[in-house]
Amino acid sequence: MSSSSSDKVRASHILIKHQGSRRKASWKDPEGRTIGNTTRDAAVSQIKALRDDIVSGKSKFEDVASRYSDCSSAKRGGDLGSFGRKQMQKPFEDATYALKVGEISDIIDTDSGVHIIKRTG
């Protein structure tokens, strides 16, 4: 079975890392000092507040991603580009494929941290 381009999705995300993240460092926190002191609950609270601001129209997803995301995709407004099945961690993949274009996910947990995902294509 070949994978055609129609099987691919495009998404942006915002990642907040925490003590349980597999890599406790990011472009914002190269030493991992803040991440190492952030509980999962604190990360969830932060990302919930960010999501509320985006959904209410107070903030733009791309602006929030570039300021707060612990992923290097922050410099592209959270854009991860296109990807197919089995290229991302399973919870992330499943959530992205379940979204309609333009929709924003609830909070998704992966080994990287907590995310919100916006499907863009």
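Nothing in this text is a laboratory measurement; each read-out follows from the coordinates by a stated rule. On a predicted model such as this, the values are computed, not experimentally measured, just so you know. Note that we place each Cβ from the backbone using ideal geometry, even for glycine, and neighbour counts take in every protein chain shown.
Which of the DSSP-defined H helices in the chain satisfy a minimum axial length of 20 Å, computed from C-alpha atoms, and a minimum mean Kyte-Doolittle hydropathy of -1.0? Show your work: numbers first, answer last.
Details: long enough: 40-55 (22 Å, -0.07).
Within the chain the helices that satisfy the rule are 40-55.
Using only DSSP helix segments of four residues or longer, with each worth -39500 (n - 2.57), what per-residue ellipticity at 222 nm results for the chain after dividing by its residue count and rounding to 500?
Working: 4 runs with 37 residues, N = 121.
For the chain, the value works out to -8500 deg cm²/dmol.
Near residue 111, within a Cβ-to-Cβ distance under 11 Å, what is the net charge of the other residues, with Lys and Arg +1 and Asp and Glu -1?
On the way: positive: 17, 22, 23, 90; negative: 109.
Every neighbour counted, the sum reads +3.
Comparing 45, 112, 56 along the charge dipole axis of the chain, the residue lying farthest to the positive side is 112, per the Cβ-charge model.
Net charge near residue 17: determine it from the other residues with C-beta under 11 Å of the C-beta of residue 17, scoring Lys and Arg +1 and Asp and Glu -1. Please report the intermediate quantities before stating the final value.
Values: positive: 22, 23, 24, 28, 40; negative: 29, 70, 111.
Within the 11 Å Cβ shell, the charges total +2.
FRET efficiency for the pair residue 86 and residue 40, taken as 1/(1 + (r/R0)^6) with r the Cβ-Cβ distance and R0 = 22 Å, rounds to 0.30.
Pairs of lysines in segment 31-121 whose Cα atoms sit within less than 25 Å of one another amount to 21, provided the residues are eight or more positions apart or on different chains. Any chance you could tell me what percent of the C-alpha pair distances in the chain go past 17 Å? Of all Cα-Cα pairs in the chain, 54 percent lie more than 17 Å apart.
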